[in-house]
Structures are given as structure tokens and as C-alpha cells.
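Please read the structure below before turning to the comments.
Each reported figure results from applying straightforward, stated rules to the coordinates on display, with no laboratory input. Bear in mind the structure is a predicted one, so any value in this text is a computation, not a measurement. Ideal geometry is used to build each Cβ from the backbone, glycine not excepted, and the neighbour counts take in all protein chains shown.
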Amino acid sequence: MPKTLLFITGNSNKLREVQTILSATTEGAVELQSRDLDLPELQGSVEEVSMEKCRRAAEIVSCGLERGMGWLGGIERWRNRD
């Protein structure tokens, strides 16, 4: 059974590119779903903007449940790895 990856974007070209990459590299192990969320344009480093947009998207998509499931904890560990 494929794992589902939720890709947050309103850009159809980005979605198509990620679908192409995943289909060529995961051999059907990942099912891609997309969702267009109205997230603000943020300023900062690539890492800062990525982390904040992920956090905001996760809150919208899962109503804050991701913290209880450890999802954001993994991102926090990655971000604070230095």
C-alpha cells in the first residue's frame, strides 16, 4: 500500500514536477495528493521560510494534531541538528 504525501502548493507546475520525480524514483510507493492553502509570503532564509510555512500548513491541515503525533518534533530535531 503506497504512503500518501500531501504536497502543499497552488502552483500546478511545481506539482507536476514533483509528481514526475516521485513516479520515477518511488516505483509507486508514494501517492501524491495536493492542497492549495492560502499561506502568507514570508521573508527570511530558505530554512526559516520553509519551517514556518510547514508549521502553518500542518496546523491548517491537521488542526494541531501533528504535535501529538510527533510530526513536528521530527522537523524540529532536523532544524536544530547543529
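Miscellaneous remarks
- For the range 4-20, the Karplus equation 6.51 cos²θ - 1.76 cosθ + 1.60, evaluated at θ = phi - 60°, returns couplings of 9, 10, 8, 9, 8, 6, x, 9, 5, 5, 4, 4, 4, 5, 5, 4, 5 Hz by residue, with Gly and Pro reported as x.
- Neighbours of Leu22, meaning other residues whose beta-carbon lies under 13 angstrom from its beta-carbon, give a summed charge of 0 when Lys and Arg score +1 and Asp and Glu score -1.
- Annotation: amide H-H contacts under 5 Å for Ser34 (H modelled 1.01 Å from N, sequence separation of 5 or more, or interchain): Phe7.
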